[in-house]
Amino acid sequence: MIQSMTGFGKSSFQVYNKKITLEIKSLNSKSIDLNIRIPQIYKEKELFLRKIISDYLERGKVDFILSIENSSENTSSSLNIPVIQGYIKQMQLITPEAPEVELLKMAVRMPDALTTPLEEVDEEEFSLIEKNLYLALEQLKEFRSTEGNILKKDFLLRIDNIRKYLEQIEIIDIERLSGIRNRMEKSFEEIKERVDANRFEQEIIFYLEKLDITEEKVRLANHLNYFITTLEEAQSNGRKLGFIAQEIGREINTLGSKANNAQMQQTVVLMKNELEKIKEQVLNIL
């Protein structure tokens, strides 16, 4: 089952006087591109969190946010009074007429105006964070699967459209080569007195062989079948689908270059249009 690289997951829980929330979202990327925002107290756990997320999601541009909301009236931060007083004195030297209240408002926003004592990680609390991280990741994975099903329906539609255009080309091809041969033989009638008939027949055969698209039609049909088979595989494989789409494109381009027929070339353009839509969506497949 294919999965999109687009997803979102969220989990939160209450512990002591804190509400801890985990949010994770992902977009498409060629590899895992992980951005983590966590409180300073958990910085020592960052590599551990990165490994869990990277192993679970495999690919994608991922943003992970761990936030803590303290519901207690008590706060771990306190005013650094000597530093604040020092800021006020310095600002009074610059603007002695400024009200002290206004200087105080500015001083408390300055660096080191607040002090926060170093805290140690509560392992019991962190085990709950780890558990809820997996819950958020599972939610994101379900989101990816839902998006993947939507993309799968679109892929099947596009592949079916290309297959129908290939059937149209089959019909066009029946008359195409005979039409080219008739035009060449008509031209030969005009110059047959100056040209060897056997040599001209050989040239016609050689030219028609160069325009023959039997192999391209067979290979294209095989690639379309292979694309659908890959869609049905248990493991999502966006890179593999991308490679198959490239091969489909090569055969369609060759059909166009060999067409020598306006109607066939128009049909090839329609096939290319469907393929471009496939290529755009394949970039978002895990």
When you go through Gly9, Gly86 one by one, which is the residue that is under 30 Å from Ile285 (Cα atoms), out of contact with any Gly (no Cβ under 9 Å at 6 or more places or on another chain) and either among the aromatic types (Phe, Trp, Tyr) or outside any loop (DSSP other than H, G, I, E, B) (or both)? Gly9
Can you name the residue in the range 73-131 that is of a type in the set (Lys, Arg) and either modelled with pLDDT under 85 or not assigned by TED's automatic domain parsing to the domain that holds Leu22 (or both) and is also nearest to Leu47 (Cα to Cα) among such residues? Arg109
Set Ile53, Ile68: member being surrounded by 15 or more Cβ atoms within 10 Å (Cβ to Cβ), more than 18 Å from Asn284 (Cβ to Cβ) and in contact with a Lys or Arg (Cβ under 6 Å, 6 or more places away or on another chain): Ile68
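Tell me, please, whether a residue that is of a type outside the set (S, T, N, Q) and modelled with pLDDT of 95 or more can be found in the range 209-217. Walk me through it before giving the result.
Here is the first cut: in the range 209-217, the residues of a type outside the set (S, T, N, Q) are 209-213, 215-217.
Filter once more, keeping what is modelled with pLDDT of 95 or more: none.
No.
Criterion first (in a helix (DSSP H, G or I) and touching a Phe, Trp or Tyr at 6+ places or on another chain (Cβ under 7 Å)) does Leu255 satisfy it?
Working: in a helix (DSSP H, G or I): yes; touching a Phe, Trp or Tyr at 6+ places or on another chain (Cβ under 7 Å): no.
Judged against the criteria, Leu255 is not a match.
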Could you check the range 16-55 and list, in sequence order, the residues that are touching a helix residue (DSSP H, G or I) at 6+ places or on another chain (Cβ under 9 Å), among the basic types (Lys, Arg) and part of a strand (DSSP E or B)? Lys18, Lys25
Verdict on Gln281 being over 27 Å from Lys153 (Cα atoms) and at pLDDT 85 or above: no
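Take the residues in the range 116-170 that are hydroxyl-bearing (Ser, Thr, Tyr) and over 31 Å from the mean Cα position of the chain (by Cα), then tell me which one is farthest from Lys217 (Cα to Cα).
First pass over the range 116-170, keeping only residues hydroxyl-bearing (Ser, Thr, Tyr): 116, 127, 134, 145-146, 165.
Checking which are over 31 Å from the mean Cα position of the chain (by Cα) leaves us with 116, 127.
On the way: Thr116: 71, Ser127: 58 Å.
It comes out as Thr116.
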First in the range 264-286 and closer than 23 Å to Asn28 by Cα, second anywhere and small (Gly, Ala, Ser) and part of a loop (DSSP other than H, G, I, E, B), Cβ under 9 Å, 6 or more apart: Ile285/Ser236; Leu286/Ser236
Filter the range 8-36 down to the residues that are among the small types (Gly, Ala, Ser) and either touching a residue at least 40 places away in the same chain (Cβ under 8 Å) or surrounded by 15 or more Cβ atoms within 10 Å (Cβ to Cβ) (or both) and list them by number. Gly9, Ser11, Ser12, Ser26, Ser29
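The values are calculated or read from the model by the stated rules, or taken from the named source; none is laboratory data. Everything quoted here is computed from the prediction, not taken from an experiment. Every residue, glycine as well, gets a Cβ built from its backbone with ideal geometry; the counts of neighbours run over all protein chains shown.
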